[in-house]
Structure formats: structure tokens, C-alpha cells
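Presented below is the structure to which this report refers.
The values are calculated or read from the model by the stated rules, or taken from the named source; none is laboratory data. Computed from a prediction, not measured in an experiment: that's the story for all the values here. Cβ placement follows ideal geometry from the backbone for every residue including glycine, while neighbour counts extend to all protein chains displayed. Surface accessibility is based on the protein's heavy atoms, side chains included, excluding ligands, DNA and RNA. Shrake-Rupley method; radii C 1.70, N 1.55, O 1.52, S 1.80 Å.
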Amino acid sequence: MSHHDFGKEGNVKVNRRTFIKGCTMAAAALGLSETMVPKLVEAAASDQRPPVVWLHFQECTGCTEALLRASHPDIGRLILDIISLDYHETVMAAAGHQAEKSLHDAINKYQGKFICVVEGGIPTKDGGIYCKIGGKTAMDILAEVAPKSAAVIAIGSCASYGGIQAADPNPTGAVGVQDLVKGTPVINIPGCPPNPICFLGTVLHFLTFKRLPRTDQLGRPLFAYGRRIHDQCERRAHFDEGRFAEQFGDKGHLEGYCLYKVGCKGPGTFSNCPAVRFNDVGAWPVSVGHGCIGCTEPGFWDTMTPFYERLPGVNIPGGDGIATGASSAGKKILGVTAAAVGIHAAVGIGKRIIGGKGSTSDEQE
Amino acid sequence: MAQRIVVDPITRIEGHLRIDAEIDNGFISKAWSSGQMWRGIEVILKGRDPRDAWLFTQRICGVCTTVHALASVRCVENALGLEIPINAQYIRNMVQAIHALHDHIVHFYVLSALDWVDVVSALSADINKTVQLAESISNWPNNSANRFKAVQAKVQAIVDSGQLGPFANAYWGHPAMALPPEANLMAVSHYLEALDYQRKADQALAIISGKNPHAQNMSVGGVTAAINLDNENTLNMERLYWVKQLVEEVKGFINQVYLVDVIAIAALYKDWLPYGAGVTNYLAVPDMVLDTKAETFDLPGGTIMGGDLGTLKSFTSFNDPYFKDNVVECISRSWYDGDWTRPPYQEETVPHYTDFQDDAKYSWIKAPRFQGEPMQVGPLAQVMVGYAQGHEMTKKYVDYALSQISTIAGVQVGPGALHSTIGRHGARAIRSAMMADLALKHWQLLVDNIGKGDLEIFNKPTFPKGEIQGFGFHEAPRGALSHWIVIKDGVIKNYQCVVPSTWNAGPRDDKDKAGPYESSLVGNPIADPDQPLEVLRTIHSFDPCIACAVHMLDPDGKELIKVNAL
């Protein structure tokens, strides 16, 4: 068949041209020069596939589903040719005791070498009883696995910052990995779900250079989260000229005008969505007439809602006046934010810090 | 003497599920299904803008990534009495149908095929015999000798590398694995192809919904995907034709590979046809809406009790009181405080964790009931209801599948065989074929309507002072889903989701009636209690989604937590 290129000899290696193309795209996404491509290829195609242990906690499996939809590398190539996915509850054949054995085999055999991916928030309230796997809480499993890993990649907004279950009033005391794991490098790939390209670029960077890519203050890799959505949006010119959709389905909406007034949170959100888009079909939410909801920002379920009200504090050009934080919507948004900060502080009391092997990522600011 | 086994985690599902079973003389005599995670999303919704609810509830599940969005906007629209434009109905219908194609393909190949297919056995397959087998049941062009040879080499290389990854510690060589090596090789080849075709379905979905998972084109009052044939930032014919082409490609895979593979597995595992019926009360809701008021549908809904098609009672609209007045949830055996059975609007739930207690509380999942009875939901329920109604499309595919199974198995297999573990897989494949046809039908309806000059996609919602309530249902890939909302002065007062996997995975109720997972396991054979592959077969046949199944609300915002016996 056409999409899995097995090569003329029917061997295991993927079609080399397609593979190098994937690595070249990854290098471009990472902001690396073309001279780095051979190194990426070498790292990604080494004989021993790097082991990956993927933990699921309070989550919806949307991040795994996003990975299933990736095209470069595609999921088959990723898990059969590039990495060795030694534990992943959604795809692994084994269950129960056999699954537990796979986990323990991997973290002991590859101690200090495997990549730990975490999907989902970690409930800390009441001893963490709100999420259990094989009779152990998510907190206990993270405490056992994370310190043995080479690095932790928190995929999605839940593993990064607690996510939807951490929204006010955070009934289960959910937090992100970075709130619990100290001493092992942690990188955040937020988004709900994140674009799989951001995750895969980070993995390939780590496999190539044996360290995580540079991040911003929120632990997000700069290659993917370094710029504001608003500054990259194809509708930005409409904003600058004061052309807005005032309501879904109105004339401005049909003309593809700026969505700020129907709630777009692009001016307050850092991500590469407008540049790399989703699912390889040139689509992203703004391309189907819906504003950005700010899903790569910490606490967006509280700070960016109501989703269909204007983001406060944004100056509108084009003679339509200036919307500021004094609007009624703005009050509501700011009020919830204050409440969310309070809750987050309260959650901290129940937290345990998971100690590690004492190393830190000097790449992280 | 009965032997107790615990399978935790159940893998290749969404979420965290534990299954306990007692085994007596090689067969399961009693079983418990327990959801192991709680997030409290309905608590979080309280006090928020009802227009935002769909974006929150969508995050209940990234596998069922469109379904809570659809049910949510419908429940708010129901509360407001708000009709939506016909273009919005068609676009929502395409989202529903195309998502189902993705979901069902992934479920069969990625999440359940390895219960029936022995990957390692594929290494000893004869290539020519594999080609003969494949060509005898399908004209799929990729079933070639070179293709099968390459797949076999790939499996060999993975085994040789010693890094089995997701295939480690599994059930290869298990005595319940019965396919010949050639069937296993064909299935492994299709497993790899399925990874490509599920992606095509997603791409079609992303074009109309911005991204996938977690589509972002819905709105209370319609959809946000503006239609303008003369603009590059909207749905235009370039975008729409891309959707059509991708759906046609996926339809080819479903009709020539997926449906055929399920038929072959059903026939080759005919000894398994008597197992796994469990609860044979079925519930499906009507969907694929054909008008702005939601009174006509392309997919029928209704109830069947006790496996008797003659008991069919239909649901006729989004407002049908036969649905609204008969759904309740019971928490007798669930980790919530108290012991009651209530309609969703009136639920008031406080977590009360007790650890696993066989004869008391043992799950975060509640037990939904219809007229007091447990109901099975999902593709099988939908196919049963459609078959009982004489729904033409359902009948066509069911009769085709049964006649093919009968031919390959060499015995007459009738509709009664559908009440089974394998029947659930068969119904899901049949539903996929139907949804591919319907996706293309609704694409054409949309294009025809646009051709008339109608570009409307949205009716603005206005929230009144005072209290209103509404419910919205949707026939999701895992079955009948309903959302129930109470809105006071324009903000959410109560929100409750009654979810397919709650219907199926729920625990016992106050009358000790077991839920569908639990009932379906009873009587299943277990060849080796240390390797309970048969448990996975029956549980996977429901396509469990446990993040969906576990949810709660607390309308009074009082102290939520009581923890007993950690």
C-alpha cells in the first residue's frame, strides 16, 4: 500500500526519502539548520529504539488521539520504527498483571534512559484517590516512574498545568507534573489537545541532543510556543483595519473578518497554531470561523472564559473605540481568575514533592 | 470453588477501568465493573455561561471528541426552544457521521483486534495462501503478495529486535486464539492500513471543524463554520470537495476491509457466537437530523426489552417525553454519598469513596436505568432498533453481513446471533458502513441547500431571567448520550451527562441488577485465569470509555468530600 513504504526489499526501515523529509520538517519546526538533518536522521533511526513509557492519569485521551492523527512521523512509523513504546494503556496488547509487568520491566531495565510522557492531571486531594490504576494512585505511580526517567514530557494542558479538572473549584485538587516532580527535567507541551507536531518535535530534539529544547517561563518549548497567535493570524490585517465579525453568520463573519469581538483569545495566547495548523489540511479553529479559546495558556478554563466574550485589555484599532478590562465581561473574567489563583494556592497544601535524582535541566529558564 | 481474578488496568480502552470476575469450572460466574477515575467536570460547570458548556463537556473525552459537544449545544437549545438553521444541522450531521467512521475503525483495529488476532502467529503464514484467503472475501487492491510479504518481514524484524513495545507480554499463543496464520497476517496488514484510513477520516473532520480531536466549530444556535463560496477563509467548494474525496476513500476501506474482516472473524470464531449477550434491553436515540425542529431523522431510535424485537417503542423527536420521563440514575453501589435513584435534573451527588466493596459501593460510575431496567446502548442497540423498525439501510447491511458469515462459517447464522460479544463488533462495522453512506448523503444535502443561496448557520441564543431546563440527546459511537441542563438567570445551575459507557459499564443498582458489562461476562469461558484474554474480548466489544462514564454534579456547592477506608 502507498502510505507505509516498506522499501523494495520489504525490510523494516521506512522509505528513506519520506523519512528524511519528516526529519527535515521536524528540523524546520525546531528552527534547526539543514546541516542538523543528518544528525536527526541518525538519532531517529538508531538500532536501539529509545524506550518511552506513557502514563495516563486524569485525562480524556485526546492527546493520544492527537498523536494517532500525526502524519510526520505517522503513528505506525513512530511506534514501530522510531521509539519503543513500552507502556501505553491505550495501545498496548497486554492488560492487568501483564501490563504492570511491561511497566516495571521498562522502568527498571532502562532506568535513567527512558522518556516518560504524562497525559492528564494528577489529583492530590484526599491522598489522590480520584485516579487509581492497578490499585495505586496517580501520585504514587508518578512518584515511582518519573525519577527513574531521563526526562518527563507533559503532553497537553492537563499534565502541564492541571487542565480542565483543575478549573474552579478544582474538586479533586488536580495539578500538573511540574507541580510535583522536582529533580528530573520536565517540559510542557500544552494545548487541548496540543498539535502533535509540537510533541514530536520535542521528542526528536531530545533524541538528537540528549537534552530538552529551550523553553519559556511556563516550561513550553520556544519553537512551538514562542509567538502570540494574534501576531501570526491570517485575519490580523482585518483586525488592524477594524474589520470584525460582530456575530456568527453575519456579513463580517461570512467575509472572514477578525473574530476578536466574538471572543477570540488569540491576543492573549502563545502558540504556533496559525503557522503549522492541524491535521495536514490547512485548518485551525479560526479557519472555521471560531475564535481561539487560549488552550495553551495555564488556567485558561478560568482566565479565558466566558469564551464568547471579548478578551479585556485589548486596544481595538479602526475607530470602533477601545475595549478595556472595565467592560462587564472583563469583570467576570478577572473575578474568576482571582478565584482560580486562590484555589491553586489552597491545593498546594495537599501537594507532595516528588524528589528525583538531583539533576536539573539547564535548558529551562 | 470459585476463583477470583482482577484485571486492572483494562488496557486498549479510554480511561481507567477495573474488572473483577469469579471463575467456576472454567466459566465466569459473577463479575464487577469499576470505574477508577473521577474529575468532577459537572461541578466545574456550575455558575458558568451555558454557551461555554460544550467546550467543557467535550473535554470529558478526546476519543468521543465530538459527541459531548453535540449533546451539550442541543440541551441548551432545547432549554431555550431554539431552532437552528438547516445548514447547521447538515454540518453537525457530517461531523457526527465522519467522526463515527474514525472512531469505529480505531476501535476495531487498534483497540480490539489483538484480542482475536495473534500477531506472532502471522510469522508462520504462507504468503500465497494469505493472498488466496484475502481475495476470496474481498477485492481490496492492497491484498497483494508483496504487501503481505513486507508486513511479515516487519513483524519478524520487531520480534528479532527484542523491543516488542506495545506487543510485549501479550496473549500470543493463547489457547483461545483460533485464527489460522494466514488470517492473522491479513489482519495485521489491515491493522497497519487502518492507521492510515483513520487519519483520512480525521482530515475530513478537521476541514469542517478546524482541528481534531476537539473540534471547534460548534455554537449554541448552530455552527461557526461560515459558508461563502467566494472567500478563502470559509467553507467553499475547494474545502467541501476535499471532505467528499476523503470520505469516499474511507468508505472504500470500510466496505472492502473493515466490514469484511469483522465478517471473517465472526465466521472463524463461530464458537464464540453464543457468548456475551448480557443485558438484552436496548436503547438507541434517533439522530442525523433532517429538519430545523429535529422531528425527522435518518437514524431511528427507540427501546427493545428482553431481546424481543416486538417490544419496540420509538422515540420521535428531540422533545420526546418517552425518553425524558424514563431516564434515572442510581448510586446505591457507586462512590457517592447516599442511596437513591433520581432523574438527572434532580441529581445531587457527593463523592464518598470506600474502596472496593463487593456487596456495597465499588465504582465511580453510576447505574442509569430506563423504566427501572438496565439497558445496553451502542451500535448493537442502534442496529437492533433499526432492524425492528424495518429501517431499510440497517436491514440491507445486516442481511448482507449475516449471509456472508453463514457462507464462510458453513452454518446458518441468523439475527439472534447478534446478541453477543461478536454481535457488538458486527453491529459496529454495519453502523460504519451506514455512516459512510450518510456522510455522503448529508454532504449532498448541504451542497444542494447552499446552491439555493441559503448561507445561514446560526440563530443567536437569548437567555431569559428565571429558571429553565432542557435535555439534548445524541447517538454517539458508543451509544445513546444525553445531557441535562438547568439554567438560572443565564448561568448554569445544574448539569448532568448520562453517557453511553455509564449505561454499559455501570455497577449494580439498589435491586442488585447488574449492568451490561457485568452481565455479559457471566458464562464466558476462561481458558487460563492468569491470562484472562476472554474478559478483554467481551469488555472491548462494548468499546469502553471510562472518562465519559464518570461524572457528577453538586447543585448546592457544599463540602464535596468524605473519604472512608483508604
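Numbers at a glance
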{"quantity": "Along principal axes, Cα extents of region B:384-428, largest first, whole Å", "calculated": "29, 19, 15"}
{"quantity": "For region A:178-187, Karplus couplings with θ = phi - 60° (6.51, -1.76, 1.60), whole Hz, Gly/Pro x", "calculated": "5, 6, 10, 9, 10, x, 10, x, 10, 10"}
{"quantity": "25 °C / 0.890 mPa s Stokes-Einstein diffusion coefficient of region A:232-292, Kirkwood radius on C-alpha pairs, µm²/s", "calculated": "211 µm²/s"}
{"quantity": "Directionally averaged projected area (convex hull, Cα atoms, the protein assembly as shown), nm²", "calculated": "34.1 nm²"}
{"quantity": "Dimensionless Rg/Rh of region B:304-433 - Kirkwood Rh, Rg from C-alpha atoms", "calculated": "1.08"}
{"quantity": "Order of exposure, largest accessible area first, which applies to B:Tyr241, A:Tyr308 with probe 1.4 Å", "calculated": "B:Tyr241, A:Tyr308"}
{"quantity": "The protein assembly as shown - charge dipole about Cα centre, Lys and Arg +1 at Cβ, Asp and Glu -1, debye rounded to 20", "calculated": "1360 debye"}
{"quantity": "Residue-level accessible surface for A:Cys63, protein heavy atoms, 1.4 Å, Å²", "calculated": "20 Å²"}
{"quantity": "Two-decimal log10 I(q)/I(0) for region A:136-195, as the Debye equation yields it once each C-alpha is a single scatterer, q = 0.13, 0.21 Å⁻¹", "calculated": "-0.33, -0.82"}
{"quantity": "Cα-based equivalent ellipsoid, region A:37-160: semi-axes from gyration tensor eigenvalues, Å", "calculated": "25, 16, 14"}
{"quantity": "Equivalent-ellipsoid semi-axes of region B:182-335, from the Cα gyration tensor, Å, largest first", "calculated": "33, 30, 15"}
{"quantity": "Gyration tensor (alpha-carbon) shape descriptor, region A:156-250, a/c threshold 1.5", "calculated": "oblate"}
{"quantity": "Net dipole in debye of region B:1-69 [+1 Lys, Arg Cβ; -1 Asp, Glu Cβ; about Cα centre; nearest 20]", "calculated": "220 debye"}
{"quantity": "Accessible-area ranking of B:Lys293, B:Lys30, A:Lys251, B:Lys465, largest first, probe 1.4 Å", "calculated": "B:Lys465, A:Lys251, B:Lys293, B:Lys30"}
{"quantity": "Among B:Ile19, B:Leu440, B:Pro544 the positive-end extreme of the charge dipole of chain B (Cβ point charges)", "calculated": "B:Leu440"}
{"quantity": "Over region B:253-333 - Rg/Rh using Cα atoms and the Kirkwood inverse-distance radius", "calculated": "1.09"}
{"quantity": "Residue (of A:Gly162, A:Thr202, A:Val262) at the positive-pole extreme of region A:155-263, dipole from beta-carbon charges", "calculated": "A:Thr202"}
{"quantity": "P(r) histogram, all alpha-carbon pairs of region B:1-88 included - 5 Å bins from 0, percent", "calculated": "3, 11, 14, 15, 12, 11, 9, 9, 7, 5, 3, 1, 0"}
{"quantity": "Surface accessible to a 1.4 Å probe, B:Lys511 within the full protein complex, Å²", "calculated": "130 Å²"}
{"quantity": "Placed amide H near A:Tyr87: partners under 5 Å, 5+ positions off or other chain", "calculated": "A:Val52, A:Trp54"}
{"quantity": "Among beta bridges that DSSP assigns inside the protein assembly as shown, antiparallel share in %, nearest 5", "calculated": "70 percent"}
{"quantity": "Cα-based radius of gyration of region B:411-542 once divided by 2.2 N^0.38 Å, which approximates compact folds", "calculated": "1.54"}
{"quantity": "Ranking by accessible area, most exposed first, for A:Ile189, B:Ile137 with a 1.4 Å probe", "calculated": "B:Ile137, A:Ile189"}
{"quantity": "Surface/4 estimate of mean projected area, convex hull on alpha-carbon atoms of chain B, nm²", "calculated": "25.8 nm²"}
{"quantity": "Residue among A:Thr305, B:Gln496, B:Trp484 farthest towards the positive dipole end of the protein assembly as shown, charges placed on Cβ", "calculated": "A:Thr305"}
{"quantity": "Compactness of region B:420-467 - radius of gyration and Dmax, Cα, Å", "calculated": "19.1, 51"}
{"quantity": "Proximal charge balance of A:Lys136 [Cβ under 11 Å; K/R count +1, D/E count -1]", "calculated": "-3"}
{"quantity": "Region B:244-304 - percent relative contact order, Cα under 8 Å, separation 6 or more", "calculated": "23 percent"}
{"quantity": "Euclidean distance of C-alpha centroids, region A:302-316 and region B:485-505, integer Å", "calculated": "26 Å"}
{"quantity": "Unit Cα scatterers, Debye sum, region B:108-148: log10 I(q)/I(0) for q = 0.29, 0.31, 0.32 Å⁻¹", "calculated": "-1.04, -1.03, -1.03"}
{"quantity": "Quotient of Cα Rg and 2.2 N^0.38 Å for region B:88-235, N being how many residues it contains", "calculated": "1.36"}
{"quantity": "Buried solvent-accessible surface, both chains (A, B), 1.4 Å probe, Å² to nearest 100", "calculated": "8400 Å²"}
{"quantity": "Measure of compaction for region B:135-175 (Cα Rg per 2.2 N^0.38 Å)", "calculated": "1.52"}
